1. Can you say what percent of the DSSP beta bridges in the chain, counting only those with both residues inside, are antiparallel? Round to 5.
2. I'm a student and want to see the number: the projected area of the Cα convex hull of segment 1-94, averaged over all directions, in nm².
3. For a quick check of your reading of the filter: which trypsin sites (Lys or Arg not before Pro) in segment 8-102 sit in a DSSP loop and have no more than 12 other Cβ atoms within 10 Å?
4. Taking only the alpha-carbon positions of segment 77-118 and ignoring solvent, what does the Debye formula give for the base-10 log of I(q)/I(0) at q = 0.18 Å⁻¹?
5. Defining a contact as two alpha carbons under 8 Å apart and six or more residues distant in sequence, what relative contact order in percent does the chain show?
6. Report the full-extension gain for the segment residue 35 to residue 104: residue separation times 0.36 nm, less the Cα-Cα distance, to one decimal in nm.
7. Stokes-Einstein diffusion coefficient for segment 2-184 at 10 °C in a medium of 1.306 mPa s, Rh from the Kirkwood formula over Cα pairs: what value in µm²/s?
8. Starting from the Cα-Cα distance between residue 47 and residue 130, subtract it from 0.36 nm times their residue separation and give me the gain in nm to one decimal.
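Since every read-out is calculated from the coordinates, none of them should be taken as a lab result. Just so you know, these numbers come straight off a predicted model, no measurement behind them. Cβ atoms come from the backbone with ideal geometry, glycine included; neighbour counts cover every protein chain shown.
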Amino acid sequence: MDIYLIRHSKTVATPGLCYGRTDIALDDNFADELAKIRAKLPELHADCRVFSSPLSRCTLLAEQLSERVETDDRLLEINFGDWENIPFDALDSDALRHWTDNFVTSRAPNGECFTDLFLRAGEFWQDLVQQDAPQTLVITHAGTIRALLAHVLKLPLANAFQFRVALSSVHKLHYTPDYTYIDYLNQ
């Protein structure tokens, strides 16, 4: 099964805004970004499965790629809890430093840690690979893509942020029952 992990395109969020679960609209250049994403993908099979985070920055892209989109909450970005929709520079600097130094196990107030995201993304992956589809698109967020790659590669979670996950990027994996190959990242 060919699996394409796709990050949503640029949003209207102010640079430096802390958002994960906040539903932020896509930037005005969405049509251009959509064309670039389509150019990175092969011709889609009639039975291609398309999964998306339920946030509009992902579902709008998914709906442009397929008429049949399945949303899944396990594909949501990390929940920043009380920090959602607040600029990072407005957060308590000591609390933010503690979180960034310990993101694997530390949670923003009323939010998630990276381990929480990793576990739910891993559950999604286990269900995904049970599907009988030659081709699958997964439209999601940078943190979720990092969690999925860490799951596939069995990486220590602290290393997951060594993956650059650009806006509008496509990452191709090929799953077989014996092995998962990474064909490319960040195309």
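1. Working: 12 of 24 bridges.
Given both bridge residues lie in the chain, the antiparallel proportion sits at roughly 50 percent.
2. Numbers: hull surface 29.0 nm².
Hull-based average projected area comes out at 7.3 nm².
3. On the way: sites: 10, 21, 36, 38, 40, 49, 57, 68, 74, 97; in loops: 10, 21, 68.
Loop-located and lightly packed - 68.
4. Results for segment 77-118 at q = 0.18 Å⁻¹ read -0.44.
5. Details: 348 pairs, mean separation 62.1, N = 187.
Reported relative contact order: 33 percent.
6. Details: separation 69, 0.36 × 69 = 24.84 nm, distance 3.51 nm.
Fully extending the segment from residue 35 to residue 104 adds 21.3 nm.
7. On the way: Rh = 16.9 Å.
The calculation lands on 94 µm²/s.
8. Values: separation 83, 0.36 × 83 = 29.88 nm, distance 1.51 nm.
That pair, residue 47 and residue 130, stretches by 28.4 nm at full extension.
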